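Structure incoming, see below.
What follows draws every value from the coordinates through simple rules; no lab data is involved. None of these values were measured; they are calculated from a predicted model. We place every Cβ from the backbone using ideal geometry, glycine too, and count neighbours over all the protein chains shown.
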Amino acid sequence: MKQYLPPFHTNSDIDELLLRPWEGRAIIHLDMDAFFAAVAELDDPSLRGKAVIVGGSPDGRGVVCTANYEARKFGVHSAMPAARAAKLCPHAVWLRTDFDRYKEMSAKVIAIIESHTPIIERTSIDEAYADISPSPKMDPLGPRHPIAICKDILERVAKLGLTASIGLASSKTVAKIASDLRKPHGLSIVSPGTEALLLSSMPISKLPGIGPKSEERLTNLNIRSLGDLALSSPQDLRHILGSNTQSNIARAAGIDTDPVEPDRETKSVSNEETFGEDLIDKTQILSELRLLAEKTGWRLRSKGLKGRTIKVKVRFSDLSIRTLSKTIDNPTDDEHLFYPIAEELLLNSGFFGRSMRLIGIGISNFSEREMQLALLEDMGECLDGAQDLKTFEKRTRLNQNIDKIRDRFGYDAIGSGLHLKD
Ligand code: TTP
Ligand code: MG
């Protein structure tokens, strides 16, 4: 089995660790298990035990968003073309996504973490970092042991009818790696001081930020494990890892001082793909672009962001990079709307005929309102007195309409109704 599992995984190991004080920073990375599928099973218990696929359709259109663990036994996974998933798992139940419902459950999970710490950084709809370092300042009842906090979070998430997995460590990098080690419903604790040992035998692909291309190039240099990477000298790797060389080498040894950043502002959402082999065929390139657009669409929606600028990036075989962009009037998070624009940009660029190494698509220029919505959404239902996200969104729409009327007819043309409250 995986020799890199941390040594603590039985209940008695955890109880023993609870007796020792936690030294230094305590960072958690929480990741919900099979999130979209788990929400579907919660809402329709008759799905339990069946193979469930969310996103795409069984007639082969689109891509899979996620699959429950039953369907994963057949090899189905996120981002797989639906046609392939349908072949691998013909008896699966296929469901559409329901982002409103995911946001609602996500806000409940965040509220649980928030009862322990305000320092939370959400990185997607089902993932967050939180700083639960023991500090008398943060908890009026005195510092709680980080492990006790993790157990409490896992239990309370389970009471919602979903499960999460948590990695607890001294840094974001190690916590993120750890949260994946005992899925589903797992707690992986990496005691301070044991990071380098744990990471040393793991494959380099486990380090967040090392994609398939870097992995291949590092492997060619005989760097296969994080231990190998930790011992490498920066000048040998700069041509592969660029400006991240130093930090990746340090992170491979479990050294990462990045703070959990609660209000980190997303400036753009983009996805790019370096091809295994350089591509020249127009149909193939456009189909890659389409897949990237779909992924960008769901990431925008999961963050509650809509943008007005659509950017396409191309890296040619000679490594030169060109970008194309277009700004539209109305912000969007819908790939059905922004993909055709990206496609047109590329078709009119005169780039076809040259072989391409990488293609990317990004959306930026988020509207102020969307940024605020995303931020408030991140804070979950605790903010702003809104009962839940739906109420808040409804009110946002109402506010938008009121603003429009005021823009046209003057501020006093309409009252917002706020004054009726008290
Ligand atoms: P993940 O956390 O990557 O996946 P997961 O929660 O389904 O499964 P795991 O137990 O392995 O964590 O992503 C969270 C949700 O984001 C997932 O339920 C569906 C969505 N998603 C997509 O829509 N497309 C994708 O390519 C990925 C990776 C995720
Ligand atoms: Mg998940």
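Provide the descending list of Cα extents for the range 261-316 along its principal axes, expressed in whole angstroms.
For the range 261-316, the Cα spread along each principal axis is 42, 19, 18 Å.
In addition: What FRET efficiency do you get for E261 and D59 if R0 is 45 Å and r is their Cβ-Cβ distance, rounded to the nearest 0.05?
After rounding, the FRET efficiency stands at 0.60.
For K326 and S287, what is the calculated FRET efficiency with R₀ set at 30 Å and r taken between the beta-carbons, to the nearest 0.05?
On the way: r = 21 Å, r/R0 = 0.69.
It comes out at approximately 0.90.
Right, next: Cross-link list K50/K108; K282/K311; K151/K303; K282/K313: which exceed 21 angstrom alpha carbon to alpha carbon?
K50/K108; K151/K303
Could you give the dipole magnitude of the range 222-350 about its Cα centre, charging the beta-carbon of Lys and Arg +1 and that of Asp and Glu -1, in debye to the nearest 20?
Its charge dipole is roughly 240 debye.
Could you list the GluC sites (Glu not before Pro) in the range 178-269 that lie in coil according to DSSP, counting only those with at most 14 other Cβ atoms within 10 Å of their Cβ?
Those satisfying the criteria are E265.
How about the range 14-107: which GluC sites (Glu not before Pro) there lie in a loop by DSSP and see at most 13 other Cβ atoms within 10 Å? Don't skip to the end; give the middle numbers.
Numbers: sites: E16, E23, E41, E70, E104; in loops: E23.
Within the range 14-107, the qualifying GluC sites (Glu not before Pro) (loop, at most 13 other Cβ atoms within 10 Å) are E23.
With θ set to phi - 60°, apply the Karplus curve 6.51 cos²θ - 1.76 cosθ + 1.60 along the range 342-349 and write out the HN-Hα couplings as whole Hz, x wherever there is a Gly or Pro.
After applying 6.51 cos²θ - 1.76 cosθ + 1.60, I find 5, 5, 5, 4, 5, 5, 8, 7 Hz.
To continue, here is another question. What is the Rg over Rh value, at two decimals, for the range 78-171, using alpha-carbon atoms and the Kirkwood definition of Rh?
1.11
Additional query: Treating only the Cα positions of the range 124-227 as identical point scatterers, give the base-10 log of I(q)/I(0) from the Debye formula at each q in 0.10, 0.14, 0.17, 0.22 Å⁻¹.
-0.36, -0.65, -0.87, -1.20
Starting from the eigenvalues of the Cα gyration tensor, five times each then square-rooted, give me the equivalent ellipsoid semi-axes of the range 198-239, largest first, whole Å.
Each semi-axis is the square root of five times an eigenvalue, giving 14, 12, 9 Å.
Could you work out the local net charge near T323, counting Lys and Arg as +1, Asp and Glu as -1, over the other residues with Cβ closer than 14 Å to its Cβ?
With Lys, Arg at +1 and Asp, Glu at -1, the net is +4.
Additional query: Taking +1 at the Cβ of each Lys and Arg and -1 at the Cβ of each Asp and Glu, which of P90, A51, L19 sits farthest along the dipole of the range 11-94 towards its positive end, judged by Cα position relative to the Cα centre?
Of P90, A51, L19, it is P90.
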